[in-house]
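Derivation of every value follows stated rules applied to the coordinates shown; laboratory data play no part. Since this is a predicted model, take the numbers as computed values, not measurements. Cβ sites come from the backbone with ideal geometry, for glycine too, and all protein chains shown count toward neighbours.
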Amino acid sequence: MGTPFEIERSIDLKSAPADVFAVVSDLSRFESWSPWAKADPGAKIEVTTPPNAVGTVYRWHGKRSGQGSMTITDLTAPKHIELDLVFTAPFKARNTVVWAFHPESNGGTRFVWTMRGERGLGMRIMSALMRMDRMLERQFDEGLGYLQAIVDG
């Protein structure tokens, strides 16, 4: 049995939850705000259609980003999206990602990006050596900045 972990980052956006949801729920637009797509622009990406429904799959295979997929498992507009995140290379892992859209009194959105799962012994050792939680937090923050530039202009 693994050790549970959770990474969570958030950003306050000027745009309304429905507007942010429209961008985030469309997995064909994920590359535009994904920090991993920016770091590995040569990665092969495939998105099933429709790009914004339960069952939609986003697959990637890249030299720097490895290989894996994200599948939308729950989609409740404009409140939250849940995804099954599966890494197949360079390591195997399965996590849950939740993107939550909280309305703010100013008409904007507090967007929260959470990833949770369990780490086996090998991943716990690698996480400690590579300071993986800090690295993921920085990557999430980078992606949130890209998303802000898209939805808030």
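How large is the direction-averaged shadow of the alpha-carbon convex hull of the stretch 1-42, in nm²?
5.1 nm²
For the chain, what is the mean residue ellipticity at 222 nm derived from helices alone (per DSSP H run of n ≥ 4: -39500 (n - 2.57); sum divided by total residues; nearest 500 deg cm²/dmol)?
That calculation yields -8500 deg cm²/dmol at 222 nm.
At a Cα cut-off below 25 Å, give the lysines reachable from Lys92, other chains included and same-chain residues fewer than 8 away excluded.
Lys92 reaches Lys38, Lys44, Lys63.
Note down, for the chain, the three equivalent ellipsoid semi-axes (square root of 5 times each alpha carbon gyration tensor eigenvalue), biggest first, whole angstrom.
The equivalent ellipsoid of the chain has semi-axes of 25, 18, 15 Å.
Rank the residues Tyr58, Tyr146 as a footprinting-exposure proxy: fewest other Cβ atoms within 10 Å of their Cβ go first.
Tyr146, Tyr58
What is the order of Phe91, Phe5, Phe101, fewest Cβ neighbours within 10 Å to most?
On the way: Phe91 12, Phe5 17, Phe101 24.
Least crowded to most crowded, the residues run Phe91, Phe5, Phe101.
Show the residues, 5+ positions off or on another chain, whose built amide H is closer than 5 Å to the amide H of Leu13.
Amide H neighbours of Leu13: Thr109, Arg110, Phe111.
May I ask you to derive the relative contact order of the chain, considering only C-alpha pairs under 8 Å and at least 6 residues apart, and to give it as an integer percent?
31 percent
Got a sec? How would Ser32, Ser15 order by Cβ neighbour count within 10 Å, fewest to most?
Ser32, Ser15
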